[in-house]
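Report on the following structure.
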Amino acid sequence: MIRRLACWLGLAAFFLVVACGSEPPAPPAGGGPALWRVEGKGLDGWLFGTIHVLPDGVKWRTRAMEDAIAGADRLVLESAEIQDQAGTLAQFEKMGRSPGLPPLEARVPGEDRAALEEIASEGGASVRTLSGYESWAAAMLLSAAAQQALHVSQDHGVEPALIAAFRDAGKPIGGLETVERQFRAFDTLPEAAQQRLLIDTVREAKDMRALYDRILNAWIKGDIATLAQEDRMGEEPDPAVEKAVLVDRNRDWVKAVAAVKGRPFIAVGAGHLAGKGNLVEMLQASGYRVTRVQ
């Protein structure tokens, strides 16, 4: 669950325009969010696990983080195209809509329809409007709607801060994949798997506050073991979703990293670095030396 949510937070974050929340957590003394050194094959850089949306005031940039940012010669994100919000939204609309779809309420069990209506309404949408979206896209929009109660924002997330730091330093910014590739991971799922995502989103929305708090506190401490444990809690993920959205993308990212030389600062969602089939283990299996430095 945690890695699926982490991916969705990254892809759906541009829908969020909400204010700051309560007092944010801080890194422990001498520690902070997970950071690795990656060496080999002409590369001597860093790998950082991000969280895509945050409340205002989270001070995650530790001394180790600042040193890594200063020492890097470029920033490598999941997709550099996230800097183009209009283009990302246009791609989502293009891939997420289809004609002749059944009503959204017909795609969830009867006992979940009231919760579906509530989430959509609280997010300022309607089930009728969302019915124009494929099940994966509707699930993403509902996830974003449910997140509004968390009082978090992409504006306070890690990626904008990293982009600003590297831009100010005149360093290039690249990506491991395109936004189209991100959305295609969902868009090509079988309808049964898409509806599973939709149903899980509806059922998990009521507990999102507690889930996000656990994720945030584990992330700020660099507690990868807890992040992996969260992945095993709750509804068991659909194997088709895990493969398409996480494992296959991680495998593609290893190939993309092979084309990167020098001293990159690679920043991807922390969910990709925890649990089965994570990027750290795949990089190690591919011959890189990956050492935890924070």
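Odds and ends about this structure:
- Principal-axis tilt of helix 113-122 within the chain, Cα atoms, nearest 10 degrees: 60 degrees
- Distances between placed amide hydrogens fall under 5 Å for Val76 paired with Gly174, Phe265, Ile266, Ala267, all partners being 5 or more residues away or on another chain.
- Extension gain (nm, one decimal) between Ala240 and Arg113, 0.36 nm per residue minus Cα-Cα: 43.3 nm
- Stretching Thr178 away from Thr291 to a fully extended chain increases their span by 37.9 nm, per 0.36 nm per residue minus the current alpha-carbon distance.
- Amide H contacts under 5 Å for Val58, placed H, 5+ residues apart: none
- Relative to the dominant Cα principal axis of the chain, helix 2-12 is inclined by about 80°.
- Percentage, to the nearest whole number, of Cα pairs in the chain over 31 Å apart: 24 percent
- Helical contribution to [θ] at 222 nm, DSSP H n ≥ 4, -39,500 (n - 2.57), averaged over the chain, rounded to 500: -13500 deg cm²/dmol
- Cα long-axis angle, helix 208-221 against the chain (0 to 90 degrees, to the nearest 10): 0 degrees
- Counting 0.36 nm for each residue step from Ala169 to Asp84 and taking away their Cα separation leaves a gain of 28.6 nm.
- Top of Ala125, Ala29, Ala144 by mean-square fluctuation, Gaussian network on the chain, Cα under 10 Å: Ala29
- Mean-position separation - Cα centroids, the range 248-266 and the range 65-108, in angstrom: 18 Å
- The 3J(HN,Hα) values that the Karplus relation (6.51, -1.76, 1.60; θ = phi - 60°) gives for the range 260-270 are, in residue order, 9, 10, x, 10, x, 9, 9, 10, 10, x, 4 Hz. Gly and Pro appear as x.
- Normalised radius of gyration (Cα atoms, divided by 2.2 N^0.38 Å) for the range 187-294: 1.19.
- Using a simple spin-label model with pseudo-atoms 7 Å out from Cα toward Cβ, Glu281 and Ala258 lie 2.0 nm apart.
- With contacts taken as Cα pairs under 8 Å at a separation of at least 6 residues, the chain carries a relative contact order of 39 percent.
- Surface exposure of the range 35-292, expressed per residue as accessible area with a 1.4 Å probe, stands at 42 Å².
- Nitroxide proxy distance, nm - points 7 Å out along Cα→Cβ at Asp56 and Arg128: 3.7 nm
- Spin-label pair Asp207-Asp73: with each label point 7 Å from Cα along the Cα-Cβ axis, the two points sit 4.7 nm from one another.
The values are calculated or read from the model by the stated rules, or taken from the named source; none is laboratory data. A quick note: this is a predicted structure, and the numbers were derived from the prediction, not measured. Ideal geometry is used to build each Cβ from the backbone, glycine not excepted, and the neighbour counts take in all protein chains shown. Please note that ligands, DNA and RNA were not included when accessible areas were found on the heavy atoms of the full protein model with its side chains. Shrake-Rupley method; radii C 1.70, N 1.55, O 1.52, S 1.80 Å.
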